[in-house]
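The values are calculated or read from the model by the stated rules, or taken from the named source; none is laboratory data. Only a predicted model underlies this, so the values are computations on that prediction, with no experimental measurement involved. Don't worry about glycine lacking a Cβ; one is built from the backbone with ideal geometry, like all the others, and counts go over all protein chains shown. Calculation scope for accessible area: heavy atoms of the full protein, side chains included, ligands and nucleic acids excluded. Shrake-Rupley method; radii C 1.70, N 1.55, O 1.52, S 1.80 Å.
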Amino acid sequence: SQRFYSSIDFFADCFPTLFTHIPTALLDSLFPVRTTKYCPTPVGTIFGNPINWPNLLYPCLFGILIGFFGFYECSHLSLSSPPPSPSRISNFSLSCLFFSLMNISAFMTHCYTVPQSEEWQPWYCLDMVCTSTSSLFMALSCVEDRVPKLIQKAAYGYFFAAYYVLWTYEIQQKRLLWIPEFLYIFVTGVCAFCVFWKVLIPNLLSGTYLNCLLPSLNGLALFVVSVPLDSTLCDILGSPYGNLLTPAFIGCDVAFAGLIGYVISRDDEEFERKFKEQERVKKERELKKEV
């Protein structure tokens, strides 16, 4: 049967252990009772089938497209000659791929399946693990070629290990071990720190790539304030757009799109610089042969 709930229930389903440790007064402040009444789970239809949170359809679709676009472009860059930083491009390419998979699984988790049902559980695990894996590879791409080989190899098995742990202990055994919170909040938080410290701050201070990175910064800010904005958005917009999911998903998409633009612009410049350097060396060798 269809289960109707509001943002607070969404939060509880996604992060059960954290939810039980948040003071009631804070929960009441973030998710007042009136939001349950005025902004319950919005319901729409797609191809005649009912879906929850129809406001997520377009952000998820956009996320899928920009993720696959980034994956394609970075894969193309990795095949160029001379290629930019190989491990950096490989890690960012995988981050884009898992970002697309994250949006696919997010739509299935939040919109197409009934929360806590048997159909919901594997999609929920996939959503959490794809988010975490995308963040992991994004963080690794920020440190460029200074990743130890052992960590790089372990990263390739992270997705499968994380899914197994989450499914075994959180879904099957119902043990509240902070696993979703670690996969989603902690790993994504580390990723955000790496992006902020290694990409945003240096380029914002130097004034480079601002057309890409300013949208990323705004998208990140929108994602961060999505929870405190939940009740305000409910009061202003009502259903279906007046909830934390709208700014969270849009902010995430905008931030990722900006980072893709930054990586493509930066590595195009690097490719051009390396190509010119190769041409210069080649001409010098030809001149020496002539002499």
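Here is how the numbers come out for the structure above:
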| item | result |
| --- | --- |
| Cα gyration tensor category, rounded, prolate or oblate, for region 19-79 with a/c compared to 1.5 | oblate |
| Hits among lysines - C-alpha to C-alpha of LYS283 under 23 Å, sequence gap 8 or more where chains match | LYS274 |
| Heavy-atom accessible surface of region 210-257: percent carbon and sulfur, 1.4 Å | 75 percent |
| Shape call, region 157-198: gyration tensor on alpha carbons, a/c limit 1.5 | oblate |
| Region 1-80: trypsin sites (Lys or Arg not before Pro) falling in loop per DSSP and having at most 16 other Cβ within 10 Å | ARG3 |
| Expected 222 nm ellipticity per residue - DSSP helices of 4 or more, -39500 (n - 2.57), all of the chain, to 500 | -21500 deg cm²/dmol |
| Kirkwood hydrodynamic radius (C-alpha pairs) into Stokes-Einstein, region 28-158, 20 °C and 1.002 mPa s, D in µm²/s | 128 µm²/s |
| Sequence-distant residues sharing a close amide H with ILE51 (under 5 Å, placed H) | GLY44, THR45, ILE46 |
| Paramagnetic label zone (point 7 Å from Cα along Cα-to-C-beta, VAL43; backbone N under 15 Å) in region 89-132 | 111-115 |
| Gain on full stretching of the segment that runs from PHE69 to VAL33 - 0.36 nm per residue minus C-alpha separation | 8.8 nm |
| Selection from LEU237, LEU204, ASN103 lying farthest towards where the dipole of the chain points positive, charges on Cβ | LEU204 |
| Gain in span if fully extended, THR168 to ASN211, counting 0.36 nm per residue against the direct Cα distance | 11.1 nm |
| Rounded, prolate or oblate (a/c below 1.5 giving rounded, otherwise prolate when a/b exceeds b/c) for the chain by Cα gyration tensor | prolate |
| Selection of trypsin sites (Lys or Arg not before Pro), region 156-207, meeting DSSP coil and at most 10 other Cβ within 10 Å | LYS174 |
| Theoretical gain in end-to-end length, TYR241 to LEU176 [0.36 nm per residue, Cα-Cα removed] | 20.3 nm |
| Protein accessible area in region 83-152, 1.4 Å probe - carbon and sulfur % | 68 percent |
| For region 198-210, 3J(HN,Hα) per residue [Karplus equation, 6.51 cos²θ - 1.76 cosθ + 1.60, θ = phi - 60°, Hz, x = Gly/Pro] | 8, 10, 5, 4, x, 6, 5, 5, 8, x, 9, 6, 5 |
| Per residue, in Å², the accessible surface of region 64-190 once ligands and nucleic acids are set aside, probe 1.4 Å | 46 Å² |
| Among HIS21, LEU287, TRP123 - extreme Cα towards positive end, dipole of the chain, charges at beta-carbon | LEU287 |
| Size of charge dipole - the chain - debye, nearest 20, with Cβ of Lys, Arg +1 and Asp, Glu -1, no other charges | 700 debye |
